[in-house]
Amino acid sequence: MPEEFFRLTAREASAALARGEVSPLELVEAAAARIAEVEPAVNALPTLCLDRARDHARRLMRGEGREMEGQAGWLGGLPVSIKDLTDVAGVRTTYGSPLFRDHVPQASHPVVRRIEARGGIVVAKSNTPEFGAGGSTFNEVFGRTRNPWNTSLTCGGSTGGGAVSVATGEVWLAQGTDHAGSLRRPGTYCSVVGLRPSPGRVTRGTVNNLFATLSVQGPMARNIADLALFLDTMAGWCPLDPMTYDAPGMSYSEAVAQVEDFRPRVAFTLDYGSALAIDRESRAICEAAIRRYADAGCVVEECSPEFGELTEALLVLRSQHFVVDRELQLLANRDSLKPDIIWNTERGLNATPSQIAWADRERSRFFREMTKIFARFDVFVTPSAPTPAFDVMLRAPESIAGQKLANYMGGSMLNAAMTMAGSPAVALPCGFDQYGRPIGLQIAAAPRRDDTALRAAAVFEAMGGLNTLLPIDPRPGTVPPLEA
């Protein structure tokens, strides 16, 4: 039934497109119907471009724009969502900021052009915090995006709208960005999968900090095979991004299809030797999940790099990104920026050269610690969030395991540590807490070994089958109490 197309996985839907069993236009209409059904409860896709999508679908059906057909990552007319930080030509793109409330770009971001050239059809822009800064998705333009597992809770940030759009079946795939966990933490909170690729794996195209490595573009999906498919769509060299490099000889889809005999060597930590706070129940669920690798015949060993002062190093280096991106806006429009933007930017402006140099040295130290681990193990696994989804009305959890947070970045270091290591990292579901909130793992690999991270994630996914629970209808609920 056409109205049930949204229940197909991305790979199933793209295969049906290839066989001619469904048309791109039918999938656009199925997405439109599902968006109309669930959007009032979740507010994930505040800007729709359905007429533009229908036009693209009709062009594909006429045989136009199919030059990349047959290549890795070909989607064949599959509807996707694009994060509202990323330009789509002719479609309102606000970056979650009142300053750009009515902004309509004339050209698409290079990653969008790549997705569309490979048969992805953009049907909507997904909600994001202002300029992507925040672990909960809300802004003054579109308001809050809600978690479909419990609409009283946050979906995380900053690719929160993308995670919800995939979890509810509004679209099959979602594009997003990741700096300190923006594809991974929303993935965990919504029980979908998100990948922070290695720096240079996916083009960032139009950004001003082209030679930096903290922020990346990446995919989100309902399962690992779909995630690999969308990474194939995005991956490859781009002349507009000096960090990019060629796509691999073996596609990511092929890599995750060949895991029957793959037994990854697994290193793990739950809290970096008590360096980070983590919710007790999340800790227990994640440790039990990680040890399931041993049941599959994998070597599993608990070990941790020396965490040191990585949190402060991240804040120093992250603040320099804000100086590049927001200094001029801070000077011209300070009253229109939210406090998190002002705090990050001013922190960067006040940093001394010695502090920046120290942060680079501390990051390099941690990277060398991680290289020792990856010399012995294929993947390094941690919880993907230190606490389950919290109240949708909050900017950040008030505390973790009874410890008050110093700032809104306090709950991000499980993810941000792998950002600082330059590692690709996959977030995927591993269970639910006593209140029905999703819990997830983060599986990281050595830089540029995105295939290894995805393959190890595919091994775990096959043991659990949590991906079969999606898509879901939004569910109302109450906010569970904070852990004492």
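From the helices alone, meaning DSSP H stretches of at least four residues, give me the mean residue ellipticity at 222 nm for the chain, per-run term -39500 (n - 2.57), in deg cm²/dmol to the nearest 500. Kindly include the intermediate steps, with their values, before the conclusion.
Numbers: 15 runs with 179 residues, N = 484.
Counting only the DSSP helices, I get -11500 deg cm²/dmol.
On the beta carbon distance between Arg475 and Arg19, with R0 = 30 Å, the FRET formula returns roughly 0.30. Kindly provide the GluC sites (Glu not before Pro) of the range 1-101 that DSSP labels as loop, not H, G, I, E or B, and whose Cβ sees at most 10 other Cβ atoms within 10 Å. Here the sparse-neighbourhood loop sites are Glu21, Glu64, Glu67.
May I have the count of lysine pairs in the chain with C-alpha atoms under 25 Å apart, counting pairs 8 or more residues apart or located on different chains? Mind showing how you got there, number by number?
Values: Lys83/Lys125; Lys83/Lys338; Lys125/Lys338; Lys338/Lys404.
Within the chain, the lysine pair count is 4.
Per residue, the convex hull around the alpha carbon atoms of the range 171-212 comes to 87 Å³.
The solvent-accessible area of Lys404, taken with every protein chain present and a 1.4 Å probe, is close to 150 Å².
Using per-residue counts of other Cβ atoms within 10 Å, averaged over each peptide, order 420-433, 242-255 from highest down.
My ranking of the peptides, most packed first, is 420-433, 242-255.
Let me know the shape class of the range 243-391, please: from the alpha-carbon gyration tensor, a ≥ b ≥ c as square roots of the eigenvalues, rounded when a/c is under 1.5, otherwise prolate if a/b is greater than b/c, or oblate. Taking the square roots of the gyration eigenvalues as a ≥ b ≥ c, the range 243-391 is prolate.
Starting from the Cα gyration tensor of the range 400-484, take the square roots of the eigenvalues, sort them a ≥ b ≥ c, and report rounded, prolate or oblate (rounded when a/c is under 1.5, otherwise prolate if a/b is larger than b/c, else oblate). Present the calculation step by step, with values, prior to reporting the outcome.
Numbers: a/c = 2.64, a/b = 1.17, b/c = 2.26.
Note, shape of the range 400-484 comes out oblate.
According to the Cα gyration tensor, what semi-axes, each the square root of 5 times an eigenvalue, does the equivalent ellipsoid of the range 181-312 have, listed from largest to smallest in whole Å?
Values: eigenvalues 162, 92, 41 Å².
With the √(5λ) rule applied to the range 181-312, the semi-axes are 28, 21, 14 Å.
Subtracting the Cα-Cα distance from 0.36 nm times the residue separation, let me have the gained length for Thr468 to Thr206 in nm, one decimal.
Values: separation 262, 0.36 × 262 = 94.32 nm, distance 3.67 nm.
So the chain would gain 90.7 nm between Thr468 and Thr206.
Percent of alpha carbon pairs in the range 319-458 separated by more than 26 Å?
Details: 4040 of 9730 pairs.
In whole percent, the share of Cα-Cα pairs in the range 319-458 beyond 26 Å is 42.
Largest first, the three principal axis extents of the alpha carbons in the chain are 59, 58, 47 Å in whole numbers. Each label was represented as a point 7 Å from its Cα along the Cα-to-Cβ direction; for Ala294 and Gln355 these points are 4.4 nm apart. Taking a ≥ b ≥ c as the square roots of the eigenvalues of the Cα gyration tensor, the range 162-258 is oblate, since a/c reaches 1.5 or more and a/b is not larger than b/c. With the convex hull drawn around the C-alpha atoms of the range 5-48, the volume per residue stands at 75 Å³. If you sort Val171, Val323 by accessible surface, 1.4 Å probe, largest first, the order is Val323, Val171.
Judged by the mean number of other Cβ atoms found within 10 Å, the most tightly packed of the peptides 127-139, 201-213 leads the ranking 127-139, 201-213.
The values are calculated or read from the model by the stated rules, or taken from the named source; none is laboratory data. Given the structure is predicted, the values throughout are model-derived calculations rather than measurements. No Cβ is skipped: glycine too gets one built from the backbone with ideal geometry, and neighbour counts run over all protein chains shown. SASA here: full protein model, heavy atoms, side chains in, ligands and nucleic acids out. Shrake-Rupley method; radii C 1.70, N 1.55, O 1.52, S 1.80 Å.
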